[in-house]
1. Just to check, using Stokes-Einstein with a Kirkwood Rh over alpha carbon pairs, what's the diffusion coefficient of the range 114-220 at 20 °C and 1.002 mPa s in µm²/s?
2. Find out how many positive minus negative residues lie around S364, taking Lys and Arg as positive, Asp and Glu as negative, among other residues whose Cβ is under 15 Å from that of S364.
3. For a quick check of understanding: with a 1.4 angstrom probe and all protein chains in place, what accessible area in square angstrom does R57 have, to the nearest ten?
4. What fraction, in whole percent, of alpha-carbon pairs in the range 361-459 exceed 24 Å separation?
5. What order do you get for 408-419, 132-143 when each peptide is scored by the mean count of other beta carbon atoms within 10 Å, highest first?
6. From the C-alpha coordinates alone, can you work out the Kirkwood hydrodynamic radius of the range 344-409, in Å?
7. Return a whole-number percent for the relative contact order of the range 138-217, with Cα pairs under 8 Å and 6 or more residues apart as the contact set.
8. Between the range 253-282 and the range 64-106, what is the C-alpha centre distance in whole Å?
Amino acid sequence: MPKNTRQFPKTPRTPFPLALDRVAIALMVTLSVVIGVLLWGGERASAHVRSFSWQDRHIGAEDTAFILNFSRPMDSASVESNLKINPPLPGKSSWAGRRMAYTLSMPAPYGTEFEVRLEGAKDRFSQGKGASIQPFVGHFRTRDRAFAYIGVEGEEEGRLILYNFTRQEKLALTPKDLVVMEFKPYPLGDRILFAATQRTAQPQGLLEQQLFTVTTGIQIHPPEQITPQASEVPVVLPKPEPAGKVELVLDSSTHQNLKFDLSADGQVIVVQRVNRNDPADFGPWIVRQGTPPTPLKGEPGGDFLITPDSSSLAIAQGQGLAILPLEPDAKPLDFLPKFGTVLGFSRDGSLATMIKFNTDRTRSLFLVSNQGTQKELLRTTGSILNTQFDPTNQILYCLLTELKTDNDLYREEPYLAAIDLKTSKLSPLILLPDQRDVQISLSPDGLAILFDQTTHTTTASATTKEPLQDSSGKAIANSRLWLLPINPEAPTTNPMPEPLPFSGIRPRWLP
């Protein structure tokens, strides 16, 4: 039989690479459709707070704003109306894309824990109900309310004492063999710079004082600076140090160390020094960590203060005030021939208080701005001892004296006053004891003033043959410390001072 020669057609085979491309294209189309449906239908995860710049941080008076960073653009009005801070902190909001900054009107009160809560806010493109932000709760706290002073009685005499109002703790920081003369806290309150002499039977005073630092045992977890990535950058904290660790900063072997100041950033110390072998060789020296002390050189000067930007020195020279860069042999940045003394600066450096000595034997207190304006606030026959700006730069607290005449004898009666910087109106707050050596310190949150009340003696202390002395050289018998509360709503009213159960001099708040 004949063979069947009929041939059936074969099905062509698809190359493997082409089949894979078809599968990939199908998946891409499917995913695109799904994404489109989700975007069109609004079935998305709700908006949320990605980061909070003050979360679990310890803030101080210099921390004026926090940042909330959101996952998508927000309806600003709904965020601002639903943002709750407890206890309340007045402030205002500003926006930059998905980031909201909340700037405080006043520093947050120290020694307080705060909660930030946000619920019910909407994102900018949401529609209908159910599009509210995921509830957010954040926490932060302010630094402890604490101050330091120099003790005058018993085991505390001549020692640096730290008192923490928040924790109700008192601690002697310096050893018994040192007599503290003056001190200034570092910016985070973790250390204190102080001048002291060895406790001996022979009077030494300023001629032998050396500079030291001592740790306070306080550890601060500060916020990062406000930058777009600030809240996402981990903070590396220094290793905590126990309280009372003393380190020598500057000895007095070749030079006598007199007045000193510490920069606002804690990086620079300026000390007035006198060469022991040549008393005509005197002037300010710069001390930076890790480098040897360096004389500033140039024209000799008198009283001085480091400017708030930590880069310049305001110093009395000749018949005026010079502003010098903190570099050896640098030329003055400015010279103010009208003034003889600079008393203080506002925290932001925009304002300063200076004294003009008038030809009629009176003194004038001037407010000087960094824009060059000069405004006379008061003229007095007494003394202008101290000025301190409140955190808003609206009130200036002044320690003044009024010249009194009793039976042809002149005396100065100190008093504390507040000046409204807008109107220049002076409001006396309290009369202080009949003494010249009064020290005042305004708290960083602007809510209280510390001051001392010193009595003098002509006999030596029971614990040392070298009694403590005030700035005029008089021996101190005792000194009470007082707290003057300030009402932020009415700072020029007459408050009532409260006595503290401590004996000490030169009280100063920690930053």
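1. Roughly 123 µm²/s, to the nearest whole number.
2. Values: positive: K338, K356, R361, R363, K375, R379; negative: D360, E376.
The answer is +4.
3. Its accessible surface works out to 30 Å², give or take rounding.
4. Counting every Cα pair in the range 361-459, those more than 24 Å apart make up 28 percent.
5. Highest mean packing first, the order is 132-143, 408-419.
6. Working: mean 1/r = 0.0771 Å⁻¹.
Here the Kirkwood hydrodynamic radius works out to 13.0 Å.
7. 20 percent
8. 46 Å
The values are calculated or read from the model by the stated rules, or taken from the named source; none is laboratory data. As the structure is a prediction and not an experimental result, all values here were calculated from the model. With ideal geometry, Cβ positions are generated from the backbone for all residues, glycine too; neighbour counts draw on all protein chains shown. Quick note on the areas: whole protein, heavy atoms, side chains included, nothing else; ligands and nucleic acids left out. Shrake-Rupley method; radii C 1.70, N 1.55, O 1.52, S 1.80 Å.
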